[in-house]
Amino acid sequence: MLLAEPRGFCAGVEMAIKALAWMVRAFEPPVYCYHEIVHNRLVVERFREQGVVFVDDVSEVPPGAPLMLSAHGSAPEVVAAARADGRYVVNAVCPLVTKVHHEARVRARKGFTVLYVGHAGHDEAVGTLAVAPDAMRLVERADDLDDVLADLRDTPVAMLAQTTLAHREWTGILDEARTRAGDVWTAARDDLCFATTNRQAALTAIAERADAVVVIGSANSSNTLALVKVARDAGCATVLRVDGPDELDPADLGDARIVGVTAGASAPEELVDGVIAVLAPEQGVELVRVTDEDEYFPPPRELRELPPALDAAAAFTRGDPSRAQAAGGPFGSDRGIDASLVLTELG
């Protein structure tokens, strides 16, 4: 077995899962979450078991209730509605998605038409397109450029990307747009998530050697589906996507002698362990590492502000104001906490 590294949780998913787990501990149930916190069935089910209620409309959340906004980012009007009626809102949007939102606002303000390469209906795409709806156009494939570019006339063109796209998918559409439109503005730093790109690079390295590849992740996970595409584009004849070990039938791998395994950015490590156990490779597991990741995103600001306030209130209640001033909350060691372990402990 060839095991890709990096794989599984990215920094944004780590941040979001730990933040929601803290909310579960800090508030009486139910805690609400706008959309799935991340696109993974096990993660969502684990939080449901802890009393988290996932909603698709913030109007379903009672006034004053604790509410988390998912890692994929939310439309500005959704954020504003969430914060109304006294709700305690924690916005767990990935900082890389926030960067794309900022770029969209700036380009729209400067008179650009922004071509956004993404997948219709995906939570991240819906939220991003709502940032500057009058200036943005969705492009899902190169063929969409015909109609989009025909309407642009003399306006300058910018292109932004859904962070979870396959690298080849993004660059193919970008190159085609530049061929047709000439000068196209793009961000100095690629919009694609570094973790998405790293996982695709690691998978490419093993797919070229493997007779079959197993990609672990849910069907609604864009970055997981991108990994499936990457493996197929690398020439691997058999590529299976599974939510976890319960969906994996080794017979589906045929007579494959070398099997590659990776996991999408929202898939916990316990699913990887389960898949390895099902495959039970006779000649062991070879770790194929293409890079090390040390990116870290701290907890959302709203959550960092909450524990010191609670600690201070408790200290004053006990008549110890000096302790209240020193109270700093539980996040000092957050960087070293593994979200996969947090999720396992919730179960």
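The values are calculated or read from the model by the stated rules, or taken from the named source; none is laboratory data. Everything quoted here is computed from the prediction, not taken from an experiment. For neighbour counting, all protein chains shown are included, and Cβ atoms are generated from backbone atoms with ideal geometry for every residue, glycine included. When the accessible area is computed, the model is the full protein with side chains, heavy atoms only, and any ligands, DNA or RNA have been set aside. Shrake-Rupley method; radii C 1.70, N 1.55, O 1.52, S 1.80 Å.
Key figures
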| quantity | calculated |
| --- | --- |
| Rounded percent of accessible protein surface that carbon and sulfur make up, the stretch 26-179, 1.4 Å probe | 48 |
| With at most 16 neighbouring Cβ atoms within 10 Å, loop GluC sites (Glu not before Pro) (DSSP) excluded, longest segment of the chain | 1-139 |
| Extension gain (nm, one decimal) between Ala120 and Asp154, 0.36 nm per residue minus Cα-Cα | 9.6 nm |
| FRET efficiency estimate (nearest 0.05) - Cβ-Cβ, Glu208 to Asp57, R0 56 angstrom | 0.80 |
| For Met136, residues with placed amide H under 5 Å, excluding near neighbours | Val114 |
| Surface accessible to a 1.4 Å probe, per residue, for the residues of the stretch 37-98, Å² | 39 |
| Accessible solvent surface per residue of the stretch 221-296, calculated while the other protein chains remain in place, 1.4 angstrom probe, Å² | 50 |
| Residues in the stretch 170-208 that a label on Asp146 would reach, taking backbone N under 20 Å of a point 7 Å out along Cα→Cβ | 172-182 |
| Label assignment, Cα extents along the principal axes in Å derived from the structure, set [x] 56, 55, 43; [y] 68, 62, 33; [z] 86, 41, 33 | [y] |
| Alpha carbon centroid spacing (whole Å) that separates the stretch 194-242 from the stretch 25-69 | 30 |
| Around Ala181: net Lys/Arg minus Asp/Glu count, Cβ-Cβ under 14 Å | -4 |
| Heavy atoms of His102: accessible area, 1.4 Å probe, square angstrom to 10 | 110 |
| Pairwise centroid distance, computed over Cα atoms, of the stretch 79-132 with the stretch 145-179, Å | 18 |
| Length released on extending from Asp249 to Ala80, taking residue separation times 0.36 nm less the Cα-Cα span | 56.2 nm |
| Span-rule helices in the chain, defined as complete DSSP H runs reaching 20 Å or more along the axis (Cα) with Kyte mean at least 0.5 | 11-26 |
| Additional length obtainable on full extension of the chain from Thr291 to Arg25, 0.36 nm per residue less Cα span | 92.3 nm |
